[in-house]
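Every read-out reported here was derived from the displayed coordinates using simple, explicitly stated rules and does not represent laboratory data. Just so we're clear, the structure is a prediction, and the values are computed from it rather than from any experiment. Here the Cβ positions follow ideal geometry from the backbone for every residue, glycine too, while neighbour counts run over all protein chains shown.
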Amino acid sequence: MSAAEQHKRTEKILEVSNLHTRFKVRDGYLYAVNGVSFSLDKGEMLGVVGESGCGKSITMMSLIRLLPPAAEVTEGTVLLDGQDISQASSSEINAIRGAKVGMIFQDPMTSLNPFMKIGDQLIEGIRYHKKLTRVAALEKAAKYLELVGISNPDHRLTEYPHQLSGGMRQRVMIAMALIGEPDLVICDEPSTALDVTIQAQIVELVKELREKLNMSIIWITHDLSLLAGMVDRIMVMYGGQVVEEAVTDELYRAPRHPYTIGLLKSIPSLKTEAGSRLPSIGGAPPNLFAEPSGCPFAPRCSFRTDRCTREVPPLTPLQAGESDPLHRVACWVDVQQQGAAQ
Amino acid sequence: MTELAIQGPQEDRQISLVQDAFARLAANKLAVLGMILVAVLFIIAAFGPWLTPYDFLDQDLMARNQPPSWNHWFGTDDLGRDILSRVIYGARTAVVVAFSTVFFSLIIGLFIGSIGGYFGGKVDAFVVWLIDITMSVPSLLVVIVINVSLKPSMVNWMDAKFMETGNEFYRNTIWVDFILVFGSMALIKWPKAARIIRGQIMSVRNKNYVLAAEALGVSTPNIIRRYVIPNSIGPVIVYISAALGEAMVLESSFSFLGVGVRPPIPSWGNMISDGLRVWQLYPHVLAAPAAALAVVTIAFSFLGDGLNDALNPRQWK
């Protein structure tokens, strides 16, 4: 591998450091994202996993400031393709949305405007970003509908959302996110609202499109099992923080954070004995109404030490000599050693 | 070749949502009846002067309190005026008052309601407070206060102006009645419009498709024009239909109580009021305007219900 190739491989499309987002609530703030840092290589696919309310969606929405009025990003830098967009004006952000960063949302049934034809919605973004004529834009829209596997695209362009099934609408949403030819696509649980067979189709489609279009993808989900065989790297979030990050195989093989271990244990497998109870993580999700003063997972953690409740563990790379040099974990305890001792 | 023939050109079976809603409306018999009656009302109101057999002021003192006949279909009143002509002119009054009232109340309501719905927070709290305060004042009281306090001074001012300038414009004080009636009715009716619009804008603003459009980089004016307005307009249309009917009843009740449109301008309300004094002797004097008011009110409520079903996707089956 030449030096140039090496450089190309490691070129970053996205670098986020120390991102903080909070919501103004009745008396005080809800700290939804607390110092999240991560990066994404060009062409890489990153899975973000965590339970509801752990801040995974808000983190990604904060990148392009697609937040409700009560939320504000208080700290952090976002480098998109080397360019700092954390201080960008709202019109600059508008030019990035759709053109450089595409988004696919969870619920295709409610994410299309019922009063607009599919075609008009598809070209909504590119007409502003690329200054195409309506006819040229519609031609492009038909091409993208075909790309996402919708037959008879010219006809579909003239239909309204209520004339399409849920799976088809999700395909339209994907076409809508891709038509602006973004470098980065954020998928916010795009398969969650669909039934399992359609879910598998959508996953396959995204994998296929990634090969074809060479995009970088962030896939947000609460279903850790869905990510196996799909993403390159997984980032586990808890309480608005990244608790563990590793290459997919490594994370499944050697999880280091007690939360990740709990998540993996709770996936049913074919080996699970019939009639046995599926292990679950006890306790409730953390209360985020105060800034974290310790590890957010500490109250539910069986490896808890005094230090865990006093100091927030930083996300640190594992010791040299591990199989994955990128494996990082935020835990004061060496779980593997502890586990062996127990 | 055969395959092509089998597939053929795709039949264009697309229907727009407006057509869809209209088809639902047309399938509802009561709504169609309401629509026809409302259309008849508008035609009568628009072409009234050409439809009436007599002028509404023409008095035939030899033919007072006549029962319905071929010459006077609805009979005549105590001054020998043709009741049919007066009912037709009353329709004009009702339509003009109803449209102006709804128009002005919508403008006020749209402005205040959309500000509250869009900005939220403290602004919204103030808007809700304003709506609650306005709604808590008895509407009849507002109209009576406005009429009693403003009308005499306005009429006096107009008389003085007429004396001073001799301008014919100041001579006719009938339109003072109309303006006070529209104005006071718009003042008591806007909170309902504001509430509907505020709620619509608040709910549409949080819809996923608005978020999806924002994620595509669509500009705010375009989001408002192409996403928020079309999706919030349905209940407003239903409100307009219902409010037109309500405004006609309201105008009639004010005229009945003598604080609305004053005689000799015919209004169904003041005709009912006149008829009530003599109804035991001459029931037709009361029957004609009362029936007109009842039919129109029912027509608007049928149409409003039909529109509500047709435009509200949650009720689609």
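Annotations
- Per-pair calculated FRET efficiency, R0 = 35 Å: residue A:132 and residue B:295 via Cβ, rounded to 0.05: 0.05
- Average beta-carbon neighbours from other chains, 10 Å sphere, peptide A:217-226: 0
- Region A:24-63-region B:65-125 distance, computed between alpha-carbon centres (Å): 56
- Look at the Cα gyration tensor of chain B: its axes a ≥ b ≥ c give a/c of at least 1.5 with a/b at or below b/c, and that counts as oblate.
- Between region A:92-168 and region B:258-292, the Cα center-to-center distance that results, in Å: 60
- The protein assembly as shown: C-alpha gyration tensor shape, a/c 1.5 cut-off, then a/b vs b/c: prolate
- The overall shape of region B:18-176, judged from the alpha-carbon gyration tensor, is oblate: a/c is not under 1.5, and a/b is no greater than b/c.
- Inter-label distance for residue B:133 and residue A:293, nm, one decimal - labels placed 7 Å from Cα along Cα-to-Cβ: 4.4
- Ranked by the mean number of other Cβ atoms within 10 Å per residue, highest first, peptides B:108-121, B:296-309, B:139-152 order as B:296-309, B:108-121, B:139-152.
- Value at 222 nm in deg cm²/dmol, rounded to 500, when DSSP H runs of n ≥ 4 in chain A each add -39,500 (n - 2.57): -9000 deg cm²/dmol
- Ordering of A:264-277, B:282-295 by packing [mean C-beta count within 10 Å, highest first]: B:282-295, A:264-277
- On the principal axes of its alpha carbon atoms, region A:1-136 extends 56, 45, 30 Å, with the longest extent given first.
- Peptide B:204-211 - average C-beta neighbours from other chains (10 Å radius): 5
- Average beta-carbon neighbours from other chains, 10 Å sphere, peptide A:114-125: 4
- Ranking of A:38, A:297 by neighbouring Cβ atoms within 10 Å, starting from the fewest: A:38, A:297.
- Projected area averaged over orientations for chain A, convex hull of C-alpha atoms, nm²: 20.6
- The length gained on full extension between residue B:219 and residue B:36, counted as 0.36 nm times the residue separation minus their Cα-Cα distance, comes to 61.7 nm.
- Checked against a 26 Å cut-off, the cross-linked pairs A:12/B:207; A:100/A:212; A:12/A:56; A:207/A:271; A:12/A:212 give Cα-Cα distances beyond that limit for A:12/B:207; A:207/A:271.
- GNM top mover of B:220, B:134, B:76 - chain B, alpha-carbon springs below 10 Å: B:220
- Cα centroid separation, region B:176-243 to region B:131-172: 31 Å.
- Computed E for residue A:269/residue A:51 - FRET, C-beta separation, R0 22 angstrom, nearest 0.05: 0.65
- Highest-fluctuation residue, A:239, A:229, A:294 considered, GNM on chain A with Cα pairs under 10 Å: A:229
- With R₀ set to 41 Å, the beta-carbon distance separating residue B:123 from residue A:143 gives a calculated FRET efficiency near 0.35.
- Fluctuation leader among A:309, A:74, A:192 - chain A, Gaussian network, Cα springs under 10 angstrom: A:74
- Among beta bridges that DSSP assigns inside the protein assembly as shown, antiparallel share in %, nearest 5: 65
- Take the Cα of residue B:278, step 7 Å toward its Cβ, do the same at residue A:212, and the gap between the two points is 8.4 nm.
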